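One structure is given below, encoded as structure tokens.
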2 protein chains.
Amino acid sequence: MVTALATRSPLPKLGDAIAKLKNLLGDRVSTTPAVREQHGKDVFHHAGEPPDVVVFAESTDEVVEIVNICAHHNIPIIPFGTGTSVEGHISAPLGGLSLDVSRMNRVLRVNADDLDVVVEPGVTRMALNSHIRDTGLFFPIDPGADASLGGMASTRASGTNAVRYGTMRENVLALQVVTADGRLIRTGGRARKSAAGYDLTRLMVGSEGTLGVITEVTLRLYGIPEKIAAAQCSFTALAGAVDTVISTIQAGIPIARIELIDDAQIDLLNRFAKLNFPIQTTLFMEFHGTEAGVREQAEMVQAIASDNGGGNFMWSAQAEERTKLWQARHDVVWVNKQAYPGWGMLPTDVCVPISRLAEVVRESKADAETHGIVAPLVGHVGDGNFHMVVMMKPGDTGYAREVDAFNDRLIDRALAAGGTCTGEHGIGLGKIKHLYAEHGESVEVMHAIKRALDPRNLMNPGKIFAPDVTPSLH
Amino acid sequence: MVTALATRSPLPKLGDAIAKLKNLLGDRVSTTPAVREQHGKDVFHHAGEPPDVVVFAESTDEVVEIVNICAHHNIPIIPFGTGTSVEGHISAPLGGLSLDVSRMNRVLRVNADDLDVVVEPGVTRMALNSHIRDTGLFFPIDPGADASLGGMASTRASGTNAVRYGTMRENVLALQVVTADGRLIRTGGRARKSAAGYDLTRLMVGSEGTLGVITEVTLRLYGIPEKIAAAQCSFTALAGAVDTVISTIQAGIPIARIELIDDAQIDLLNRFAKLNFPIQTTLFMEFHGTEAGVREQAEMVQAIASDNGGGNFMWSAQAEERTKLWQARHDVVWVNKQAYPGWGMLPTDVCVPISRLAEVVRESKADAETHGIVAPLVGHVGDGNFHMVVMMKPGDTGYAREVDAFNDRLIDRALAAGGTCTGEHGIGLGKIKHLYAEHGESVEVMHAIKRALDPRNLMNPGKIFAPDVTPSLH
């Protein structure tokens, strides 16, 4: 599906488009190879095709103009935030323009009384939290990387806090979007709920740039809890850890984070992030609430863990302890890159009903071991979502084939358990065939919507839908 | 827009369609006037047009057949659950078939470990809660009426528990839908989150039957809290009650219900539901949690209320006290009908950012008073959503015109405050012009989706979209 740039036929009107773009944006238009490469390739396993041209937009008006120029000249548009997505979303398999919105990074309005905020799409989640620090509010969605909020909306991102606060699906209140015909629309609104017409906000969230370019995002905020405590607990058996998670969720304990890290990943963290955990399946947890509430939650989970063979339960409301724990969790990607220098990384992303989690994790770990695949495991297990961080030996095509087959089996196993091929990374280039396996004829309905809103397939073409059902571009 | 049945041109192939339907369904096809009338008119203010024919489906396979017959003969399809929606959703302004799914009322699968359930669309929310009583789980969405879950999904219903548990938007995990071309699709899945393609579930939720017929609904369930306590508190000034709500939400107190009832409505409840509240603006509240948690929440809210002039704060974990309180809240519709015998009812439904709630409520109450409009007020104020239950003098067209103008001003006021014309009742026939005022060009995008999925406009035609942008039916 990914055509090498050398063999791909050039876009016939590219030169005209670039001339107009330079007229509009001056030196914020780049065709230099390094800039193009950087905009087509993420840190994960997809090869990545560079776009033909990169532009840096600084306002919604500019995005409208850029989309109009591209529409007029039949140039594909690939929105770009921080380039931290996983499934090749920023790649340009059909060439075209990378629309970099990272300079649209203003927090436009903080409505503290209403617990919402309006941001430009290039604002990152950490920049937002830093901006609103003094309001007593925070934005909880935390996918690990310091991703842009426009990108997080586009991929329906979630991460460690989703078990309590939901994903981007639940936390985007409204969007401003430039559609394929250059129309500027507003979806949703600042009311907490609405029954006014089709839910275009939720349609755009997770549409991976294939329906339009997001130019503004309105997000829910939350009060910083009076007390936050972190906890950790080690288990000799995987099942004990997973059963602890299931019982915690079923008991309705409003846990804010509950992450599983397997023994292999703990070993790497110990060795490369200077930690000293028992090399066992471990849960990292966080509790939010009042002082009494946090204590009560921690004690309830400790009792559940103890019933399930959990040991070394430690909890602390000290900020340093907490930061250390979550830094370790977020260091996984970098620790693994350090442990396997020069290797690539393919993070799997299935999500299953929680009752099937232990079985799917156990079978998948056994499968990896049988096939000699290096794949430490971390998971947002409160949601039934886990990642096996498959390390990719460079230049070993036999191993790469084994990994592909392993990921296919993992996804088939998740689908058979009533789950999804992707909990939070999206379809992009990497999971098109799995989307069809998961959703069948629904994909035809998705594609009918795509054709209705983007009939010439200019918005991030080649993503989500297979080429054989996608109208040809030229 | 609503054409009287007598003047509407008959559907040319109706007879052929009815013959085929009788062949399929036997005596579950009715053209008797009483059945048609009952399926075209709800208890609220819209006049209601009877459909030409009513069918009672008992399975998904039958729904597929019915849709195929209607598609073949160009017969509009209006899905019908319990007929408790507000904005004329069940009316047949263009004639056609009412597809009654109330006999599709089986709970198909309770997945207690995963906190989800799969139901047919005719199961009502109370029937579901009764069915799962022994599992320790419950389904929280409570729009007042004992509506069908298919209908609640279609109108994106919510109600008193939404402030904590969300609306149908957050609680429908998956759907099975028969689309206009007779295709049976499944949207979503049982995983708690997914980034796999467009969010068709959220597109269907709130689409008011205009994109397909729902034949199966998968819903989130929640553990019944260890402790539930109800509370009430009276305020001399509206602002004090609203400020109590705002501070409670901002403090992150996980209140399960927080409902405002104004003095006029309290007076009616006292007189017709044999209650004995002070005739003041009153908050009804409910707290869910552990024993200690519920006590802590109630004490925190009591302190906030006291700071805002609230008196008579009473809370109780007794089931009888709680039931009495919520019965009173749900009795509003029937109490008002009793207080004004023979009058109609138009419940307004705006929802605004909470910081603007006091101002919008105050101005709207003053507006009603100025124009002699009887409109007691109840509200899901934790979400910024309130209803003025406008009582409609029978046969008084001058008063009816005043009410229309009043509702227009109310909605304009809500939109100017960043709110929505409908928090939970939907657009139907009644709010088409307001949808355009609220969403502007986005409505064109919604309509492009409607045309793509239902090109002949057979699915609940005349709802949501104005006739002048809707392709003509015949």
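Values in this text are rule-based calculations from the coordinates and carry no lab data. Nothing here was measured: the structure is a model prediction, and the numbers come from that model. Cβ atoms come from the backbone with ideal geometry, glycine included; neighbour counts cover every protein chain shown.
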Quiz item: Each residue of the range B:37-43 in order: what ³J(HN,Hα) in whole Hz does its phi give by Karplus 6.51 cos²θ - 1.76 cosθ + 1.60, θ = phi - 60°, with x for Gly and Pro?
Solution: 4, 5, 8, x, 10, 8, 7
Exercise. Go through A:Gly166, A:Ile141, A:Val217 and say which Cα lies farthest out towards the positive end of the charge dipole of the range A:107-223; charges sit on Cβ, +1 for Lys and Arg, -1 for Asp and Glu.
Key: A:Gly166
Practice problem: Could you work out the local net charge near B:Gly159, counting Lys and Arg as +1, Asp and Glu as -1, over the other residues with Cβ closer than 15 Å to its Cβ? | Solution: -1
Quiz prompt | Of every Cα-Cα pair in chain B, the percent that sits beyond 38 Å | solution = 25 percent
Practice problem: Pull up all non-local amide H partners of B:Asn111: gap of 5 or more, or a different chain, and H-to-H distance under 5 Å with H placed in the peptide plane. | Solution: B:Asp116, B:Val117, B:Val118
Exercise. Find me the longest stretch of chain B that has none of the exposed GluC sites (Glu not before Pro), where exposed means in a DSSP loop (not H, G, I, E or B) with at most 14 other Cβ atoms within 10 Å.
Key: B:1-225
Self-check item: Inter-label distance for A:Ala237 and B:Glu359, nm, one decimal - labels placed 7 Å from Cα along Cα-to-Cβ
Solution: 6.1 nm
Quiz prompt | Computed log₁₀ I(q)/I(0) - Debye formula, equal Cα scatterers, no solvent, the protein assembly as shown, q 0.05, 0.06, 0.08, 0.09 Å⁻¹ | solution = -0.29, -0.42, -0.76, -0.97
Exercise. Quick one: with label points 7 Å out along Cα→Cβ, list the inter-copy distances for A:Ala416 in nm, shortest first?
Key: 6.2
Quiz item: Quick one: putting +1 on the C-beta of Lys and Arg, -1 on the C-beta of Asp and Glu, what dipole do you get for the range B:340-416 around its Cα centre, in Debye to the nearest 20?
Solution: 100 debye
Quiz item: Using θ = phi - 60° and the Karplus form 6.51 cos²θ - 1.76 cosθ + 1.60, what ³J(HN,Hα) does each residue of the range B:291-306 get, whole Hz, x for Gly and Pro?
Solution: 4, 5, x, 5, 4, 4, 4, 4, 5, 5, 5, 4, 5, 5, 4, 4
Self-check item: Local electrostatic count at B:His425 - Lys and Arg +1, Asp and Glu -1, tallied over other residues with Cβ under 13 Å
Solution: -1
Exercise. Taking H placed 1.01 Å from N in the peptide plane, check which residues at least 5 places from B:His45 or on another chain put their amide H under 5 Å from its amide H.
Key: B:Met345
Self-check item: Nearest 10 degrees, 0 to 90: helix B:397-416 Cα axis against chain B principal axis
Solution: 70 degrees
Practice problem: Please work out whether the range A:289-369 counts as rounded, prolate or oblate from its C-alpha gyration tensor, where a ≥ b ≥ c are the square roots of the eigenvalues and a/c under 1.5 means rounded, while otherwise a/b larger than b/c means prolate and anything else oblate? | Solution: oblate
Quiz item: Considering only the label points, 7 Å along Cα→Cβ from Cα, what distances in nm to one decimal separate B:Ala400 from the same position in each other copy, shortest first?
Solution: 7.2
Exercise. Distance check, please: which entries in B:Lys13/B:Lys450; B:Lys227/B:Lys274; B:Lys41/B:Lys431; A:Lys41/A:Lys463; B:Lys365/B:Lys433 exceed 26 angstrom between their Cα atoms?
Key: B:Lys227/B:Lys274
Practice problem: Net charge near B:Gly440: determine it from the other residues with C-beta under 14 Å of the C-beta of B:Gly440, scoring Lys and Arg +1 and Asp and Glu -1. | Solution: 0
Quiz item: Going by how many other beta carbons lie within 10 Å of each one, how would you line up B:Met126, A:Met391, B:Met152, A:Met104, fewest first?
Solution: B:Met126, A:Met391, A:Met104, B:Met152
Self-check item: Charge dipole magnitude, Cβ of K and R +1, D and E -1 - chain A, Cα centre, debye nearest 20
Solution: 740 debye
Exercise. Only loop residues by DSSP count here, and only those with at most 11 other Cβ atoms within 10 Å; note down the trypsin sites (Lys or Arg not before Pro) in the range A:251-290 that meet that.
Key: A:Lys274
Quiz item: On a 0 to 90 degree scale, rounded to 10, what angle separates helix B:357-370 from the longest Cα axis of chain B?
Solution: 80 degrees
Practice problem: For B:Pro33, go 7 angstrom from Cα along the Cα-to-Cβ vector, then report the distances to that same point in the other copies in nm, smallest first. | Solution: 8.4
Quiz item: Which semi-axis lengths, in whole Å and largest first, follow from the square roots of five times the eigenvalues of the Cα gyration tensor of the range B:228-334?
Solution: 21, 17, 10
Quiz prompt | Rounded to the nearest 20 debye, dipole of the protein assembly as shown from Cβ charges on Lys, Arg, Asp, Glu | solution = 1020 debye
